[in-house]
Amino acid sequence: MQLTPKAQAMRGLLKQILGSVSTLVGAASAELSTLRQTVRIVMADFPAIVIAQRLHHRLAELAPGIDLVIQPWQGGEAAQESLSRGQSDLAMSVFPPLGPDFTRRLLLHEHFVVAMRSGHPAIKDFNLDRWLSYPHVLVSGRGATWGPLDEQLKGQGLSRRVGIVVPSFVMVPDLLLGSDLIAMLPSQCLSMPMANALHTVEPPIEVEGFALHLAWHKRRDEDAAVQCVARVLEAVIAAD
């Protein structure tokens with residue numbers, strides 16, 4: 001008996017479907033409550049500051065034997081390399097298309113806000129000139145003194161003074177509340193401690209936001225613990 005050309009063409013698709021079914025059956029048979037595993041996640045302090053507590057609480061209910069290690073974020077390329085080498089199980093970052101060895105899921109589209117202390121002199125008649133008249137805070141885990149905003153300003157014949165570079169978003173609210181510094185932050189950062197005390201406005205120029213992704217290497221596709229953490233991460237982010 002020989003397969004028809006149509007049957008031959010369907011072999012690859014059927015194999016893929018059967019593989020997916022096998023994965024689902026395996027995941028369903030794994031009792032989450034009995035899992036004992038450590039899952040390593042690369043993410044910056046934002047969004048870790050915003051979601052870590054809820055992520056822990058939800059996992060404690062579903063899979064109390066899963067332990068988490070949140071690893072420091074050092075850029076998208078470093079995160080992808082860590083996934084590839086098996087040094088990390090999941091990564092939250094701004095990822096371009098990653099190729100066939102990785103799975104990438106969109107978590108959210110983020111936009112920026114300008115933040116400063118209440119009573120800041122730039123608030124009155126806030127505009128581009130007033131925004132650029134005060135020193136800015138730049139967050140960089142690698143100590144960079146130049147970022148995408150500076151490239152954009154340079155393209156418009158403008159520049160800003162970066163008054164201080166810090167490695168962590170968590171340092172920014174306290175800096176702003178005690179000075180005339182100004183910062184441009186992802187809007188979700190306003191959920192951080194003290195951040196709700198800040199005055200925020202839209203940037204005086206159009207600033208492109210970014211897409212935040214969750215990614216893992218294909219070798220983790222059938223890892224019940226990793227997939228559990230991934231689904232809970234997605235749910236926590238979607239609930240915001």
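The values are calculated or read from the model by the stated rules, or taken from the named source; none is laboratory data. Quantities reported herein were computed from a predicted structural model and do not represent experimental measurements. Every residue, glycine among them, receives a Cβ derived from its backbone with ideal geometry; neighbour counts consider all protein chains shown. What goes into the accessible areas is simple: the full protein's heavy atoms, side chains included, and nothing from ligands, DNA or RNA. Shrake-Rupley method; radii C 1.70, N 1.55, O 1.52, S 1.80 Å.
Let's see if you can work this out: charge +1 on each Lys and Arg Cβ, -1 on each Asp and Glu Cβ, no other charges. What is the dipole magnitude of the chain about its Cα centre, in debye to the nearest 20?
Numbers: 21 positive and 23 negative charges, 123 e Å.
For the chain, the charge dipole is close to 600 debye.
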(message) Rounded to whole Å, give me the distance from the Cα center of region 171-231 to that of region 56-80.
(response) 16 Å
(message) Using a 1.4 Å probe on the protein heavy atoms, what percent of the accessible area of the chain belongs to carbon and sulfur?
(response) 54 percent
(message) Please give me, ordered by residue number, the chymotrypsin sites (Phe, Trp or Tyr not before Pro) of region 31-127 that lie in loop per DSSP and have at most 13 other Cβ atoms within 10 Å.
(response) none
(message) For region 109-240, I need the span (max minus min coordinate) of the C-alpha atoms along each principal axis, in Å, sorted largest to smallest.
(response) 54, 32, 25
(request) Let me know the Rg and Dmax you get for region 125-194 when you use only its Cα atoms, in Å. (result) 12.2, 36
(request) Match the structure shown to one of the listed values (i) 13.0; (ii) 17.3; (iii) 19.2 of mean projected area of the Cα convex hull in nm², computed from it, and give that label. (result) (ii)
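In Å, the Kirkwood hydrodynamic radius of region 77-134 over pairs of distinct alpha carbons?
Values: mean 1/r = 0.0658 Å⁻¹.
Mean inverse Cα-Cα distance, inverted, gives 15.2 Å.
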(message) Please list, short to long, the whole-number percent of alpha-carbon pairs of region 160-214 in consecutive 10 angstrom bins beginning at zero.
(response) 18, 53, 27, 2
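Per residue, how much accessible area does region 82-161 show when a 1.4 Å probe rolls over the protein heavy atoms, in square angstrom?
Values: 4370 Å² over 80 residues.
Each residue of region 82-161 exposes 55 Å² on average to a 1.4 Å probe.
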(message) Below 14 angstrom from the Cβ of Val165, what's the summed charge of the other residues (Lys, Arg +1; Asp, Glu -1)?
(response) +2
(message) To test your reading of the geometry: what angle, between 0 and 90 degrees and rounded to tens, separates the Cα axis of helix 76-85 from the longest principal axis of the chain?
(response) 30 degrees
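Mind checking the alpha-carbon convex hull of region 196-240 and giving the volume per residue in Å³? Mind showing how you got there, number by number?
Values: hull volume 5.0 nm³, N = 45.
Taking the convex hull of the Cα positions in region 196-240, it is 112 Å³ per residue.
Add +1 for every Lys or Arg and -1 for every Asp or Glu among the other residues with Cβ under 13 Å from the Cβ of Thr145, and state the total.
On the way: positive: Arg142, Arg160, Arg161; negative: Asp150, Glu151.
Counting the neighbours of Thr145, the net charge comes to +1.
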(message) If I model a spin label as a point 7 Å beyond the Cα along the Cα-Cβ vector, how far apart are those points for Glu151 and Ser179 in nm?
(response) 2.6 nm
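Work out the length of the dipole vector of region 74-164 about its Cα centre, built from +1 on the beta-carbon of each Lys and Arg and -1 on the beta-carbon of each Asp and Glu, and round it to the nearest 20 debye. Let's see the in-between values first.
On the way: 10 positive and 9 negative charges, 67 e Å.
Dipole about the Cα centre, nearest 20: 320 debye.
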(request) For region 77-122, build the charge dipole from Cβ charges (+1 Lys, Arg; -1 Asp, Glu) around the Cα centre, then report which of Gly86, Leu107, Pro96 sits farthest towards its positive end. (result) Leu107
(request) Please list the equivalent ellipsoid semi-axes of region 40-124, computed as the square roots of five times the alpha-carbon gyration tensor eigenvalues, in descending order and whole angstrom. (result) 29, 20, 12
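Once you have the Cα-Cα distance between Met194 and Arg130, take 0.36 nm times their residue separation minus that, and quote the gain in nm to one decimal. Provide the component values of the computation, followed by the final result.
Numbers: separation 64, 0.36 × 64 = 23.04 nm, distance 2.40 nm.
That works out to 20.6 nm of additional length.
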(message) Can you give me the long-range amide H partners of Ile164? Hydrogens built in the peptide plane at 1.01 Å from N, cutoff under 5 Å, separation of 5 or more residues or another chain.
(response) His136, Leu138
